[in-house]
1. For segment 68-144, what is the charge dipole size about the Cα centre, in debye to the nearest 20, if Lys and Arg each add +1 at the Cβ and Asp and Glu each add -1 at the Cβ?
2. Suppose each label sits 7 Å from its Cα in the direction of the beta carbon; what would the ASP34-SER7 distance come out to in nanometres?
3. Once you list every other residue whose beta carbon is under 14 Å from the beta carbon of MET32, what net charge do they have if Lys and Arg are +1 and Asp and Glu are -1?
4. Out of all DSSP beta bridges with both ends in the chain, state the antiparallel percent to the nearest 5.
5. Compute the orientation-averaged projected area for the chain from the convex hull of its Cα atoms and round it to one decimal in nm².
6. Amide H of LYS3: which non-local residues (sequence gap of 5 or more, or other chain) have their own amide H closer than 5 Å, using H built in the peptide plane?
7. Using a 1.4 Å probe over the heavy atoms of the protein chains, calculate the carbon and sulfur portion of the accessible area of the chain as a whole percent.
8. For segment 1-107, with every protein chain kept in place, what is the accessible area per residue (1.4 Å probe, Å²)?
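The values are calculated or read from the model by the stated rules, or taken from the named source; none is laboratory data. Keep in mind the model is a prediction, meaning the values are calculated, not measured. Cβ coordinates were reconstructed from backbone atoms using ideal geometry, including for glycine residues, and neighbour counts include every protein chain displayed. To get the accessible areas, we keep the full protein, side chains included, count just its heavy atoms, and leave off ligands, DNA and RNA. Shrake-Rupley method; radii C 1.70, N 1.55, O 1.52, S 1.80 Å.
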Amino acid sequence: MLKLSQSAYTSLRLHGEETYPHECCGILLGQMGDEGVRSVTSIARAGNTRTDSAHNRYNIDPSELVRIQREGRNRGEDIVGFYHSHPDHPAQWSQTDHNEAHWIGCSYVITSIEKGKAVLTNSFELSGSDESDKHLVDEQVDVA
Ligand SMILES: [Zn+2]
């Protein structure tokens, strides 16, 4: 299960509206709790490095990821997941999303943006033990 603070939830949805019709992407920071509960206390917006096809691909610069991870640790936060938007597409993961998800045990949040307005926000946990058997599983989103 993924617990999002109201401000983190609002902020990641707003990000998708701002970058429409392109995808936005970013990182979820917070705490890994017991029994697979991840609590998000803040988000970090990332620049989408995919300029060739920014409407349906996203990529976070590795150096930006390292910087965000370090800044999070200084505040006592870990990376617990990632988010991106699907402009005019459902809030369901694509084959590309599955292929490019590598953080087992983290959440992958997708928000559908229809005509510039955020609609559904879904989350999927990357389960499995490694790249060979990883799979994205629907998970409950709790906005507190
Ligand atoms: Zn996607």
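1. Once rounded to the nearest 20, the dipole reads 340 debye.
2. It works out to 2.8 nm between the two label points.
3. Here the charged neighbours net out to -3.
4. 70
5. 8.0
6. Answer set, sorted by chain and number: ARG38, SER39, VAL40, ASP142.
7. 50
8. Result: 50 Å² of accessible area for each residue.
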